[in-house]
1. Lys17: which lysines have alpha carbons under 26 Å from its alpha carbon, excluding same-chain residues fewer than 8 sequence positions away?
2. Would you work out the charge dipole size for region 12-132 about its Cα centre, treating the Cβ of every Lys and Arg as +1 and the Cβ of every Asp and Glu as -1, and quote it to the nearest 20 debye?
3. Under 10 Å, Cα contacts only: if you run a Gaussian network model on the chain, which one of Thr18, Thr206, Thr172 comes out with the highest mean-square fluctuation?
4. Could you grab the relative contact order for the chain? Cα pairs under 8 Å, six or more apart, rounded to a whole percent.
5. Which of these, Asp27, Asp185, Asp160, has the largest mean-square fluctuation under a Gaussian network model of the chain (Cα springs below 10 Å)?
6. Quote the accessible area belonging to Leu131 in square angstrom, nearest 10, computed with a 1.4 Å probe and with ligands, DNA and RNA left uncounted.
7. Using a simple spin-label model with points 7 Å from Cα along the Cα→Cβ vector, what separation in nm is obtained for Leu4 and Asp185?
8. Assign unit charges at the C-beta atoms only (+1 for Lys and Arg, -1 for Asp and Glu), then state the dipole size of the chain relative to its Cα centre in Debye, rounded to the nearest 20.
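The values are calculated or read from the model by the stated rules, or taken from the named source; none is laboratory data. Just so you know, these numbers come straight off a predicted model, no measurement behind them. Ideal geometry is used to build each Cβ from the backbone, glycine not excepted, and the neighbour counts take in all protein chains shown. We work out accessible area using only protein heavy atoms, side chains counted, and drop any ligands, DNA or RNA first. Shrake-Rupley method; radii C 1.70, N 1.55, O 1.52, S 1.80 Å.
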Amino acid sequence: MEKLEQIYEGKAKKVFKTDDPELFIVDYKDDATAFNGLKKGTIVGKGVINNQMTNRLMVRMEKAGIPTHFVKELSERETLVKKVSIVPLEVIIRNISAGSFAKRYGVEEGIVFDQPTIEFSYKNDDLGDPLINRYHALALKLATAQEIDTIEKYAFAVNDVLKAFWSECGVTLVDFKLEFGRLSDGTIVLADEISPDTCRLWDSKTHEKLDKDRFRRDLGGVEDAYAEIMNRLLAHDAD
Ligand code: TMP
């Protein structure tokens, strides 16, 4: 598989064309940003961890019947994925109050919900990824009603698989963000990444944060938290 020209550079990843028009290569960086790029830094080794963690979790999703863009891990930081056009919605599932939910609704962090919530943000950096509902998404023609139904169904299914797996690792899945893409034939598949950058993961016993909130909130021990969460995954994800 030949790596051709770069077609996109995001905050944490680069995407390259390949000699197959239906396949892209994703290359994970150590760059970290928060608050829509306002805070910038480096988390040493993050790209390797996020690549390998995402791929292992994507394989679990496929096994559970959730289609993904994943094809093959090529190297520590590089993965071959199916070409998709990203649906410009950030899909957020929450099991426990935290982050912007706690702030927006004036509640403490750590309230366990009776059932998970779902919300959408319009993926648009210039606007700061504003919160929107399905009617707004339809009005803006970001996705069709059928696509939104599919995305919701997959997002809750991802939550079931992830929650159960992280629980085996002694980790509580607080919330996470997903992105979906359309293949050339229009099929909706799970894309982007599932990593400590995009999930809140708390140690089940101590509630210690093992995710990017350590960077966002200057809590220290960022690299150690990423290494710890990866070790927990590896211990429970034997090939
Ligand atoms: P929030 O509480 O800040 O809205 O974040 C909810 C979840 O989404 C949390 O697990 C972190 C993740 N997230 C991203 O992956 N990218 C983002 O740009 C933001 C704001 C949150």
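1. Candidates past the 8-residue exclusion: Lys3, Lys29, Lys46, Lys72, Lys82, Lys83, Lys123, Lys177.
2. Roughly 140 debye for region 12-132.
3. Thr206
4. After rounding, I find 18 percent.
5. Asp185
6. 80 Å²
7. 2.2 nm
8. So the magnitude is around 380 debye.
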